[in-house]
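The values are calculated or read from the model by the stated rules, or taken from the named source; none is laboratory data. Note that the coordinates shown come from a computational prediction; the quantities given were computed from them, not determined experimentally. When we count neighbours, we look across all protein chains shown, and the Cβ atoms used for this are built from the backbone with ideal geometry, even at glycine. All accessible areas refer to the heavy atoms of the entire protein, side chains included, with ligands and DNA or RNA removed. Shrake-Rupley method; radii C 1.70, N 1.55, O 1.52, S 1.80 Å.
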Amino acid sequence: DSGVTQTPKHLITATGQRVTLRCSPRSGDLSVYWYQQSLDQGLQFLIQYYNGEERAKGNILERFSAQQFPDLHSELNLSSLELGDSALYFCASSHRTSGGFEHYNEQFFGPGTRLTVL
Amino acid sequence: ELKVEQNPLFLSMQEGKNYTIYCNYSTTSDRLYWYRQDPGKSLESLFVLLSNGAVKQEGRLMASLDTKARLSTLHITAAVHDLSATYFCAVVPNNNDMRFGAGTRLTVKP
């Protein structure tokens, strides 16, 4: 158990709908990352938040948005869903305020949310 | 543009055999990570390699790092079925965000 939690575990919805995925980082971690993993695209970095502020953007579509709240949990919002958005969505956390240099950038992954768009 | 290339992408091997997975990266990174992912599951951290010449071993897996060649290897010794999984390497260029390779899908057959 990495200490990162994600809800829900599974989500089935229809095209055109909007969903929200939630992530709670490990206690003390300041950064939250969102990844999309599909069979044909591999592991794609979407976006990173550090202590409430957006820090880096990857291949995130304009229909997708995220935020990190003062308690450091994060939400990923996916709107106008398309069939191609069906994937595993992972959250990871890092940058713990305490602990050694070795693991500072190491990302710990949550169990993922499997999104199916019908 | 940063590239993290793993080789091979697919590997089928027999139990008891040895093999090496390679990870090449195109920019400076002072550390490298290896992760394991079982089908439909999350990524699990295996190794953190922090310096040139670093070598770490855990059971039948041994990872090494050559920062000058920008190359890491993951060596599998006497493979067993339980090692079947996808293995990812990841680098941290310029202390920025982790970037992953495409993954090597390993299948160990009896």
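Observations on the model:
- Student exercise, chain B dipole from Lys, Arg, Asp, Glu Cβ charges, in Debye to nearest 20: 140
- Solvent exposure ordering (accessible area, 1.4 Å, most first) of A:Y33, B:Y22: B:Y22, A:Y33
- 1.4 Å probe accessible area per residue over the protein assembly as shown, in Å²: 49
- On a per residue basis, the convex hull of the C-alpha atoms belonging to the range A:27-87 measures out at 85 Å³.
- Summarising the overall dimensions of chain A from its C-alpha atoms, the Rg and Dmax are 13.8, 45 angstrom.
- Basic side chains Lys and Arg get +1 at the Cβ, acidic Asp and Glu get -1 at the Cβ, and with that the dipole of the protein assembly as shown about its Cα centre reaches some 340 debye.
- In chain B the longest region clear of trypsin sites (Lys or Arg not before Pro) that are loop-assigned by DSSP and have at most 16 other C-beta atoms within 10 Å covers B:69-110.
- Fraction of antiparallel bridges per DSSP, chain B only, in percent to nearest 5: 90
- Taking only protein heavy atoms and a 1.4 Å probe, the accessible area of chain A is 48% carbon and sulfur.
- Among A:L11, A:L30, A:L88: highest mean-square fluctuation, GNM of chain A, C-alpha pairs under 10 Å: A:L11
- For the range A:10-54, the list of trypsin sites (Lys or Arg not before Pro) that fall in a loop by DSSP and count at most 13 other C-beta atoms within 10 angstrom reads A:R18.
- Cα convex hull of the protein assembly as shown - mean projected area over all directions, nm²: 12.4
- In order along the range A:81-92, the Karplus-derived 3J(HN,Hα) couplings, from 6.51 cos²θ - 1.76 cosθ + 1.60 at θ = phi - 60°, round to 4, 10, 4, x, 7, 4, 5, 8, 10, 9, 10, 9 Hz, and Gly and Pro are given as x.
- Take every pair of alpha-carbon atoms less than 8 Å apart whose residues are at least six positions apart; their mean separation over the length of chain B yields a relative contact order of 37 percent.
- Given chain A, longest segment not containing exposed loop GluC sites (Glu not before Pro) (DSSP; at most 12 other Cβ within 10 Å): A:1-61
- Cα lying deepest toward the dipole's positive end in chain A, options A:G110, A:P8, A:F90, charges on Cβ: A:P8
- Taking the Cα centre of chain A as origin and assigning +1 to Lys and Arg Cβ atoms and -1 to Asp and Glu Cβ atoms, the resulting dipole is close to 200 debye.
- Each residue was assigned an accessible area with a 1.4 Å probe, and for B:T28 the value is about 80 Å².
- Contact with the other protein chains removes 50 Å² or more of accessible area, compared with the isolated chain and a 1.4 Å probe, from these residues of the range A:1-49: A:L43.
- Between the listed residues B:T20, B:L71, B:P93, the Cα displaced farthest toward the positive end of the dipole of chain B, a dipole computed from Cβ unit charges relative to the Cα centre, is found at B:T20.
- Summed over both chains, the contact between B and A buries some 1600 Å² of accessible surface at a probe radius of 1.4 Å.
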